[in-house]
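Colleague: Can you keep this structure in mind? I'll have questions shortly.
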Amino acid sequence: TAMMIGMKYEEERDVGIKKVCHAAQSLVSSQIRTDNCEEVCLLATGVGRLEYVCVREVGFQLNYDHPHTHLALILQSLEPWMPEQFEKYPIKDTAATILRDTYICPELIVRHPPKQVALAVTSLALKAHDVSVPQAKSDWYEAFSSTMSRKELRAIETDIVENVFGVTVDR
């Protein structure tokens with residue numbers, strides 16, 4: 001049901017309940033028989049009702065700004081600024097892996113603004129390869145977020161390292 005809602009909203013695709021029932025049947029084929037019309041009708045009714053329960057549970061807030069978009073834009077902007085480092089080290093892959101791993105702790109993703117999560121992930125990826133961004137008049141992350149402070153960046157980095165990777169950071 002959650003996947004059906006996601007596809008309807010994120011991809012603007014209308015996925016029929018019948019297709020969901022067939023997908024459920026293929027996943028748990030021993031429990032659902034599609035040749036039994038009554039069983040399929042009950043499943044379809046249940047999926048329809050569960051859709052409304054899920055939407056109510058999230059308070060009808062289906063729009064969510066994911067950090068992935070911000071991460072892609074940040075990395076696209078940094079690469080021309082320091083092409084040698086991006087060619088020498090897998091900074092993009094490291095950042096994508098860290099962000100993917102961060103979803104292990106969904107409350108962390110929800111607790112911080114998406115752009116700030118993307119900045120912290122980028123910072124951790126750069127640190128993992130011991131790469132520093134060439135200095136300008138201000139810190140590099142201020143070019144992407146005027147409200148982000150060094151203290152906030154370190155706090156989110158610490159949150160990721162401690163809660164996702166289980167490493168205690170000295171403060």
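Colleague: Would you mind getting me the FRET efficiency between THR158 and VAL110? Use the beta-carbon distance for r and R0 = 22 Å, nearest 0.05.
Modeller: It comes out at approximately 0.80.
Colleague: Tell me, TRP140, TRP81 in order of fewest to most beta-carbon neighbours within 10 Å?
Modeller: Taking fewest neighbouring Cβ atoms as first place, the list is TRP81, TRP140.
Colleague: Would you kindly state how much longer the chain becomes between THR147 and ASP170 on full extension, computed as 0.36 nm times their sequence separation minus their alpha carbon distance, in nm to one decimal?
Modeller: Fully extending the segment from THR147 to ASP170 adds 5.8 nm.
Colleague: Using a Förster distance of 41 Å, how high is the FRET efficiency between GLU39 and GLN61, based on the Cβ-Cβ distance and rounded to 0.05?
Modeller: In this case the efficiency is close to 0.75.
Colleague: Report, please, the projected area of the range 60-100 averaged over directions, based on the convex hull of its C-alpha atoms, in nm².
Modeller: 3.2 nm²
Colleague: Right, here's the next one. For the range 67-165, report the translational diffusion coefficient in µm²/s to the nearest whole number, using Stokes-Einstein at 37 °C, 0.692 mPa s, and a Kirkwood Rh over Cα pairs.
Modeller: It comes out at roughly 244 µm²/s.
Colleague: Okay, next question. How high is the FRET efficiency between ARG100 and VAL53 when r is their beta carbon distance and R₀ equals 30 Å, given to the nearest 0.05?
Modeller: About 0.60, to the nearest 0.05.
Colleague: Could you list the square roots of 5 times each eigenvalue of the Cα gyration tensor of the range 113-165, that is, the equivalent ellipsoid semi-axes, sorted largest first and rounded to whole Å?
Modeller: Each semi-axis is the square root of five times an eigenvalue, giving 18, 14, 8 Å.
Laboratory data are not the source of any read-out in this text; all were calculated from the coordinates shown. This one's a predicted model, so the numbers in the text were calculated from it and none came from an experiment. Cβ atoms come from the backbone with ideal geometry, glycine included; neighbour counts cover every protein chain shown.
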